[in-house]
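The values are calculated or read from the model by the stated rules, or taken from the named source; none is laboratory data. Nothing here was measured: the structure is a model prediction, and the numbers come from that model. Quick reminder, even Gly has a Cβ in these numbers, built from the backbone with ideal geometry, and neighbours come from all protein chains shown. Protein only, heavy atoms only, side chains kept; ligands, DNA and RNA dropped before computing areas. Shrake-Rupley method; radii C 1.70, N 1.55, O 1.52, S 1.80 Å.
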Amino acid sequence: ISLSERGVERPVTPPYFSPQRHAMDDPPRFTGQFYRPADEARRAWSVFLPRFTNGVEIAVNNVVILDSRRDPTANRPDRNTPVIVVIPSSLLRDGANTVSIRLFIWGPITGFLERVWVGPDELLRPSYNLRSLIFVTLPVVFSSWQAILAVILGIMWVMRRHEPAYGLLAAAMAALGKNLVVDMRD
């Protein structure tokens with residue numbers, strides 16, 4: 001993969017940490033090639049990014065197929081949110097194809113791009129589903145469990161007011177659970 005950053009092009013091997021903190025006007029651009037055999041024309045192919053910070057724009061053969069900046073949940077630096085996008089078959093050629101990724105960086109966090117995967121969708125999709133389960137679904141489930149536990153502890157405190165520990169635990173769980181649920185929706 002080659003990286004074009006601040007007007008300089010050089011080869012890099014992902015994962016890549018960019019030292020920049022603001023790169024919206026001239027973002028680092030990663031470019032690589034992949035080969036699709038002629039007998040794969042009937043299979044759907046995808047681009048899979050397991051992790052990145054902050055936003056990415058993916059193009060195949062110079063046509064943009066995904067811009068993560070349009071999905072607020074995908075741009076959370078604290079989430080490790082994966083993205084996968086099916087490449088329209090009309091964009092793919094038999095043989096060599098080009099994939100390019102622009103890495104948009106904003107705020108106090110530096111940029112990061114994990115290894116890029118391009119291949120048949122049916123082979124990449126299980127990895128994407130597993131990462132989504134671990135980093136997207138499970139935090140919501142744990143927040144829900146925490147809220148339920150806060151309600152149970154609150155009921156226990158109402159029934160046993162002479163034991164303030166239940167009330168303190170319920171308040172702590174509710175405060176932490178509220179913050180986690182709000183973070184999930186931002």
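Screening the candidates LEU123, LEU138 for the property of being in a helix (DSSP H, G or I) and more than 15 Å from the chain's Cα centre (by Cα) yields one hit, LEU123. State all residues of the range 2-23 that are open to solvent by 80 Å² or more (accessible area, probe 1.4 Å) and either touching a Cys at 6+ places or on another chain (Cβ under 8 Å) or not in a strand (DSSP E or B) (or both); if no residue qualifies, say none. Passing the criteria: ARG6, THR13, PRO19, ARG21, HIS22. Of the residues making up the range 133-149, those that are within 24 Å of VAL86 (Cα to Cα), β-branched (Val, Ile, Thr) and open to solvent by less than 70 Å² (accessible area, probe 1.4 Å) are VAL136, THR137. Of the residues making up the range 130-185, just one is modelled with pLDDT of 80 or more, of a type in the set (D, E, K, R) and within 30 Å of PHE48 (Cα to Cα), namely ARG131. Residue pairs whose Cβ atoms lie under 9 Å apart, sitting 6 or more positions apart in sequence or on different chains, and linking a residue in the range 102-115 that is closer than 20 Å to GLY32 by Cβ to a partner that is open to solvent by less than 10 Å² (accessible area, probe 1.4 Å) and of a type in the set (Ser, Thr, Tyr), are LEU103/SER18; PHE104/SER68; ILE105/SER18; GLY111/SER18; PHE112/SER18; LEU113/SER18. Residues in the range 1-46 that are farther than 17 Å from VAL116 by Cβ and within 22 Å of the chain's Cα centre (by Cα): PRO19, GLN20, ARG21, HIS22, ALA23, MET24, ASP25, ASP26, ALA44. Among residues of the range 86-132 being open to solvent by less than 70 Å² (accessible area, probe 1.4 Å) and in contact with a His (Cβ under 9 Å, 6 or more places away or on another chain), the one that is farthest from GLU57 (Cα to Cα) is GLY107. Among the residues of the range 47-85, those that are over 16 Å from the mean Cα position of the chain (by Cα), open to solvent by 40 Å² or more (accessible area, probe 1.4 Å) and either at pLDDT below 90 or among the β-branched types (Val, Ile, Thr) (or both) comprise VAL63, VAL64.
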